[in-house]
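Read through the structure below, which is laid out as structure tokens, and then see the notes.
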Amino acid sequence: MSAYQNTKDMLSYLLREGGLFQSPILILAVAASGSKTLMIYIINEAAERGGAGAGLFALLLAAVAVTLTTEHLARVYGAALVQDLAKKMRRDISEHVLNADVSFFQKRDFGQVYAALTGQTDTVATSIMRIVDLVQAVLLLLFCLVYLTLQSWPAGVATVAAFCLGVGAFLLAEGPARRVLDSANKARIAFYDAVNDALRGHKELRLRQSRRRDLAARIGDVTEDAAIKSVEAERFFSFGQGAATAALALLLVAIVSLLPLVAAVDNIVILQVLTVVLFAFGPIEAVVSGLPAFARASVSYLHLNAVLAELDANPESEAARSAPDSRPEFRSIELRGVTVTLRRPSPAPGSSATDTFTLGPIDLMLRPGQSVFITGGNGMGKSTLLQILTGLRHPDAGEILLDGVPVTRDTVGHFRGLFSAVFSEFYMFRQLYGLTAEERARLQGHIDELGLSEGVSIAEDRFASLALSTGQMRRLALSIALAEERPVIVLDEFAADQDPVRRAFFYDVLVPRLSAAGHLVIAVTHDEHCFGKSDRLIRMEDGKVVSDEVQAAVRASEAG
């Protein structure tokens, strides 16, 4: 997309979504320009008459009061417009993130999303005030030019020429400045990615000093790159603004030295022309200095739209998003010929090739009231299988059937309502998002049962503290999953972080109790001595199910 088209699209967005036409700010801008023009007229009239009478003096005071009042109100309304637009943009991006298909989260880092929600949003939203400033400046400039031309047409022509020179100088500098700004934005995105590494990997960083030093160097490099590129962009913009200032200075010199030679004018006319030009000096500088702000906003708008486009590329359907939170029961879940190909970067240095891993084809039938353990070596596809089972990843081939009916992208939200899960890499929300009053009441009981009552308390709608060990945090996540009482409970290596007492409770008490109550329990485990405590044991190798064993106790029960 060309820079011109992108700027045009951004202006269209600002005018459409910024609320300019619903706010009195444009009327205030017109009033401020008119009152300033009146001030010029009164000053020149006073100069021509040799002084200001009582009437002109009162009119001048009124014009000054109107100017100050309208500009103050315009700033206040402008601040409200900026904040309203920034709020709208952040809500819009957040809604896109919440409505995005799971594939978006599986293939990218989030630095660009952080940048869009912070600096880029602020830059675009703030540019709406530049529109107001430009409207006011252009109106005042037009008023001044009309009045100036009536006083001396050569001075009017010279002023237009100076203005065109300033804008032309900016346009020459804009191209390289945009390219450098784009690089600066990419460096800021890299900074957000590095900060995310610092926050999420704080434990690993403190175990290896060289890793921490490398990350610190990375943060230093990208911040320095962003700073250098930003200064370089400002240098280009400064050339344009300097050319505009030089043009205005030459204009003043021309009025003083050349205007008397070109046109027969007296000192009063020259004084009047200088007064108008000096008043026009501000609007011209405002226009020229406002253009770099639009260029910065345009680059930010381009990056922001790239994020939105990626979020929009594969959104979840409205039906999936509006599905109910839970489904009370089911008869069967079947995976039929399910295949997923994962693409991972090749470890070979300098190679652009990709290493692929294929899960499947998987054929599997699951029913309520079972405890199903899944085992296998690392990287065999267990976690990917859980993502398929829970509807968090769409199969590349094959299908999932719920009660014999294929699950589609429209019905996957309803399908997900069957599951509560504690994944191996889970996130604990401090707020109790989405839990009903009944679920919150059950949650406290599970917290007590899992031995967390001393370290965990609920204050209103949030946990008072999450200063817990890894095992405790996993048990707290399990407490929430149990409180939801979904038909299917998925646990990915839950027992790995538990002490022997908690592990025994999990295998000997909790899992049997859940399956006996009609829940389908699916647990990934490496505890070989506990394999016999499940109803079914599924072994995986190289992305395939190599065995699916119904345990002896289950066979005996079915035979009886």
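The values are calculated or read from the model by the stated rules, or taken from the named source; none is laboratory data. Quick caveat, the model's predicted, so the values are computed rather than measured. Positions of Cβ are generated from backbone atoms using ideal geometry, with glycine treated the same way; all protein chains shown enter the neighbour counts.
Numbers for the structure displayed
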{"read-out": "Selection count where residues are buried (at least 22 other Cβ atoms within 10 Å of the Cβ) and aliphatic (A, V, I, L, M), scope the range 373-399", "value": "5"}
{"read-out": "Sole exception among (1) buried (at least 18 other Cβ atoms within 10 Å of the Cβ); (2) under 27 Å from Pro361 (Cβ atoms); (3) touching a helix residue (DSSP H, G or I) at 6+ places or on another chain (Cβ under 9 Å) for Pro487, by number", "value": "(3)"}
{"read-out": "Tally of residues being more than 30 Å from Arg296 (Cα to Cα), surrounded by fewer than 20 Cβ atoms within 10 Å (Cβ to Cβ) and hydrophobic (A, V, I, L, M, F, W, C) across the range 136-176", "value": "4"}
{"read-out": "Residue check for Asn196: of a type outside the set (A, V, I, L, M, F, W, C), touching a His at 6+ places or on another chain (Cβ under 8 Å) and at pLDDT 75 or above", "value": "no"}
{"read-out": "Pick from the range 449-469, criterion among the polar types (S, T, N, Q) and more than 29 Å from the chain's Cα centre (by Cα), ranking: nearest to Leu385 (Cα to Cα)", "value": "Ser469"}
{"read-out": "Those residues of the range 400-419 which are surrounded by fewer than 18 Cβ atoms within 10 Å (Cβ to Cβ) and modelled with pLDDT of 90 or more, in sequence order", "value": "Leu401, Asp403, Gly404, Val405, Pro406"}
{"read-out": "Residue in the range 205-221 that is under 25 Å from Ala115 (Cα atoms), under 26 Å from the mean Cα position of the chain (by Cα) and exposed (fewer than 13 other Cβ atoms within 10 Å of the Cβ) present", "value": "yes"}
{"read-out": "Counted residues, the range 506-533 - those being buried (at least 18 other Cβ atoms within 10 Å of the Cβ), in contact with a Phe, Trp or Tyr (Cβ under 7 Å, 6 or more places away or on another chain) and more than 12 Å from Leu491 (Cβ to Cβ)", "value": "2"}
{"read-out": "Within the range 352-410, tally of residues that are among the hydroxyl-bearing types (Ser, Thr, Tyr) and within 17 Å of Glu549 (Cα to Cα)", "value": "2"}
{"read-out": "The range 510-532: number of residues that are closer than 17 Å to Gly369 by Cβ and assigned to a helix (DSSP H, G or I)", "value": "7"}
{"read-out": "Arg179 being surrounded by fewer than 17 Cβ atoms within 10 Å (Cβ to Cβ), in a helix (DSSP H, G or I) and not β-branched (Val, Ile, Thr)", "value": "yes"}
